[in-house]
Amino acid sequence: MDLSIVIPLYNEAENVGPLYAQLKTTLERVGREYEIIIVDDGSTDGSPNVLKRLHERDIRLKVIRFRRNFGQTAAFAAGFDHFQGQVVITMDADLQNDPADIHLLVEKIEEGYDVVSGWRLPRQDPFLTRRLPSMIANWLISQVTGVHLHDYGCSLKAYRREVVKNVQLYGDLHRFIPAIANWMGVSVAEVPVRHYPRRFGRSKYGLSRASRVLLDLLTVRFLLSYSTRPIHIFGGLGLISFAMGIGLGGYLSFAKFALGQDIGDRPLLLLAILLMVLGVQLISIGLLGELVVRTYYGALHKPIYAVREVLD
Ligand code: UDP
Ligand code: MG
């Protein structure tokens with residue numbers, strides 16, 4: 001098996017048929033062994049029936065059907081747990097991506113890249129509610145994670161097998177896979193792909209996604225940089241705070257005992273106490289974090305490294 005196509009799908013009854021037909025044409029032309037995995041994320045329209053009919057005629061089409069709507073990330077995770085190919089390609093089910101672009105990604109992977117991300121050009125979505133927030137998000141994510149992509153939100157992406165088999169997906173984190181995978185030291189490329197307006201069905205997301213992406217970015221940044229050493233970030237802040245508190249306290253003591261001033265009504269006293277308490281608390285959180293991290297990696301047997309190959 002060479003290629004696995006993983007497609008999350010939620011209420012896309014009118015899109016399934018044309019999507020399948022276009023995929024078939026493209027994949028036959030690419031000429032590799034392939035499988036198509038469509039993850040039905042709890043659709044409540046006609047999608048399950050259409051998928052069932054298609055599956056009956058095609059053994060290369062796997063359908064994983066969720067009991068209810070678990071979200072796009074969960075659908076990706078299920079696809080990643082089940083695929084068998086050497087390269088996995090993800091895309092949307094709504095025909096906004098063009099299956100015909102798959103070969104562009106495959107070519108890049110063959111050049112030696114581990115992750116290839118599509119870049120929707122030109123993007124066919126409303127400017128104010130979609131393109132603008134996404135421009136800001138792409139810039140921020142690039143700055144914060146150090147993986148510079150123009151279009152994190154594009155679902156049309158390709159990964160080498162090992163990359164996604166090693167990535168644990170939670171919450172809404174699927175758009176950060178290239179950034180998370182970068183932790184392992186992967187090489188990431190970007191190719192322009194076509195994008196179309198949605199013809200059938202409705203978008204499942206609104207503007208509220210923007211704030212969630214921001215919070216997720218915070219999580220990703222923390223997981224990438226400090227998840228194995230929380231004491232470094234919390235302890236560092238704690239030490240600074242505690243030192244400033246001690247400094248101020250020292251100054252106030254000097255004012256009181258050496259100069260005989262009254263310090264009881266000085267706001268600085270409050271600040272000194274606050275900083276010292278805060279410092280102690282931050283250091284304690286860091287230590288607790290260290291305990292949590294040890295159980296986390298221990299219980300899940302999660303490696304804290306990623307091996308490319310072993311020459312034995
Ligand atoms: N999707 C899904 N589960 C969800 C929401 C969306 O599987 O809970 C699928 C949806 O069917 C589509 C893809 O994820 O194939 C992208 O969704 P959508 O087109 O609504 O997002 P947009 O393109 O508007 O960002
Ligand atoms: Mg879409």
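How much of the DSSP beta bridge set in region 113-260 is antiparallel, as a percent to the nearest 5?
Bridges in region 113-260 that DSSP calls antiparallel: roughly 35 percent.
As a test, work out the antiparallel percent of DSSP beta bridges whose residues both lie in the chain, rounded to the nearest 5.
25
Once you mark the chymotrypsin sites (Phe, Trp or Tyr not before Pro) that are in a DSSP loop and have at most 14 other Cβ atoms within 10 Å, what is the longest gap between them in the chain?
Within the chain, the longest run free of exposed chymotrypsin sites (Phe, Trp or Tyr not before Pro) spans 1-169.
Scan around residue 65 for amide H atoms under 5 Å from its own, H built in the peptide plane at 1.01 Å from N, and keep only partners 5 or more places away or cross-chain.
It is 40, by chain and number.
Treating cross-link reach as a plain straight distance, find the aspartates and glutamates whose alpha-carbon is under 12 Å from the alpha-carbon of residue 165, omitting any fewer than eight places away in the same chain.
Result set, ordered by chain and number: 81.
Under 5 Å between amide H atoms, partner at least 5 residues away or on a different chain: which partners does residue 119 have, H built in plane at 1.01 Å?
Amide H to amide H, under 5 Å and 5 or more residues apart or across chains, residue 119 pairs with 191, 193.
If you keep only loop residues by DSSP, which trypsin sites (Lys or Arg not before Pro) in region 1-63 have at most 16 other Cβ atoms within 10 Å of their Cβ?
Answer in residue order: 32, 60.
Could you give the distance between the Cα centres of region 1-71 and region 205-265, to the whole Å?
So the separation of the two Cα centres works out to 49 Å.
Explain nothing, just compute: Karplus ³J(HN,Hα) = 6.51 cos²θ - 1.76 cosθ + 1.60, θ = phi - 60°, for every residue of region 49-54 in order, whole Hz, x for Gly and Pro.
Values per residue, Gly and Pro as x: 5, 4, 4, 4, 4, 5 Hz.
Setting aside same-chain residues fewer than 8 positions from residue 256, which lysines have a Cα under 20 Å from its Cα?
none
Using r as the Cβ-Cβ distance of residue 58 and residue 228, and R0 as 30 Å, what FRET efficiency do you calculate, to the nearest 0.05?
FRET efficiency, residue 58 to residue 228: 0.10.
Taking the radius of gyration and the Kirkwood hydrodynamic radius from Cα positions alone, what is the Rg/Rh ratio for region 120-203, to two decimal places? Write out the running numbers ahead of the final one.
Numbers: Rg = 13.7 Å, Rh = 14.1 Å.
Dividing the radius of gyration by the Kirkwood radius yields 0.97.
Which ³J(HN,Hα) values, rounded to whole Hz and listed in residue order, are derived for region 157-171 from phi using the Karplus coefficients 6.51, -1.76 and 1.60 in 6.51 cos²θ - 1.76 cosθ + 1.60 with θ = phi - 60°, glycine and proline given as x?
The phi angles translate into 9, 10, 9, 5, 2, 4, 4, 7, 5, 9, 9, 8, 9, 10, x Hz.
Given the -39500 (n - 2.57) contribution per DSSP H run of 4+ residues, what per-residue ellipticity at 222 nm results for the chain, rounded to the nearest 500 deg cm²/dmol?
When only DSSP H runs of four or more count, the value is -15000 deg cm²/dmol.
The numbers here are math on the coordinates, done by the rules we state, and not lab data. Quantities reported herein were computed from a predicted structural model and do not represent experimental measurements. With ideal geometry, Cβ positions are generated from the backbone for all residues, glycine too; neighbour counts draw on all protein chains shown.
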